[in-house]
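**Student:** Pasting a structure below so you can have a look.
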């Protein structure tokens with residue numbers, strides 16, 4: 001049986017909505033970044049950020065301890081650079097969080113420190129990857145704090161995929177940020193690659 005292959009020219013593909021030019025993609029990304037920054041500047045929200053890129057793996061090695069960073073999965077070199085770019089993005093837009101809160105896991109604290117130069121640990125942001133029974137109480141704490149953030153102010157929260165997914169019902173990549181309003185609704189998202 002002979003197979004037929006279909007090739008579309010760039011013009012045909014664009015006409016069908018199957019292809020966009022790199023310029024259009026760049027413009028779209030710039031527009032999304034502007035909208036993201038505008039929401040953050042309005043305040044009354046938290047920017048939830050999944051820690052930056054890590055060494056390969058899922059979860060942490062057996063026997064890890066929160067008081068021993070070397071026992072945990074760490075940021076990779078790419079993750080450290082990603083964290084610095086994250087901080088530069090906020091600084092370039094003069095977006096200054098009223099608080100920078102982090103999970104007690106070193107990869108979250110390191111992301112926060114590299115990006116914002118400061119961090120306060122908050123156990124409600126800790127990973128529940130291997131302790132799912134804690135998730136409802138922690139999510140309740142997150143919702144309560146969200147309701148208290150005033151217009152014109154925003155907080156940055158460094159946390160883990162499981163926490164962001166439970167709160168927003170969306171899956172974040174490492175280094176991805178969600179703007180979440182006082183009603184715990186996901187208003188915008190942006191990846192810091």
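**Student:** Every residue in the stretch 71-119 that is in contact with a strand residue (DSSP E or B) (Cβ under 7 Å, 6 or more places away or on another chain), outside any helix (DSSP H, G or I) and within 18 Å of residue 53 (Cα to Cα), please.
**Tutor:** Hits for the stretch 71-119 are 73, 74, 75, 76, 102, 103, 104.
**Student:** Evaluate the following for residue 60: is it buried (at least 17 other Cβ atoms within 10 Å of the Cβ) and assigned to a loop (DSSP other than H, G, I, E, B)?
**Tutor:** yes
**Student:** Please name all residue pairs, on different chains or six or more residues apart, with Cβ atoms under 8 Å, provided the first residue is in the stretch 107-130 and is at positive phi and surrounded by fewer than 22 Cβ atoms within 10 Å (Cβ to Cβ) and the second residue is outside any loop (DSSP other than H, G, I, E, B) and at pLDDT 95 or above.
**Tutor:** 117/87
**Student:** Just name the residue that is farthest from the chain's Cα centre (by Cα) out of those in the stretch 40-57 that are closer than 16 Å to residue 89 by Cβ and outside any loop (DSSP other than H, G, I, E, B).
**Tutor:** Applying the filter and picking the extreme gives 41.
**Student:** Over 15 Å from residue 99 (Cα atoms), in contact with a helix residue (DSSP H, G or I) (Cβ under 8 Å, 6 or more places away or on another chain) and modelled with pLDDT of 95 or more, is that true of residue 182?
**Tutor:** Against the criterion (over 15 Å from residue 99 (Cα atoms), in contact with a helix residue (DSSP H, G or I) (Cβ under 8 Å, 6 or more places away or on another chain) and modelled with pLDDT of 95 or more), residue 182 does not qualify.
**Student:** Still on this structure: For the stretch 77-103, how many residues are touching a residue at least 12 places away in the same chain (Cβ under 8 Å) and in contact with a helix residue (DSSP H, G or I) (Cβ under 9 Å, 6 or more places away or on another chain)?
**Tutor:** Number of matching residues: 17.
**Student:** Then there's this: Restricting the search to the stretch 145-178, which residues are touching a helix residue (DSSP H, G or I) at 6+ places or on another chain (Cβ under 9 Å) and without any contact (Cβ under 8 Å) to a residue 12 or more places away in the chain?
**Tutor:** Within the stretch 145-178, just 171 meets the criteria.
**Student:** Among the candidates 192, 154, 178, which residue alone is closer than 27 Å to residue 80 by Cβ and more than 12 Å from the chain's Cα centre (by Cα)?
**Tutor:** That would be 154, the only listed residue that is closer than 27 Å to residue 80 by Cβ and more than 12 Å from the chain's Cα centre (by Cα).
The values are calculated or read from the model by the stated rules, or taken from the named source; none is laboratory data. Quick caveat, the model's predicted, so the values are computed rather than measured. Heads up, the Cβs are rebuilt from the backbone with ideal geometry, glycines too, and the neighbour counts pull from every protein chain shown.
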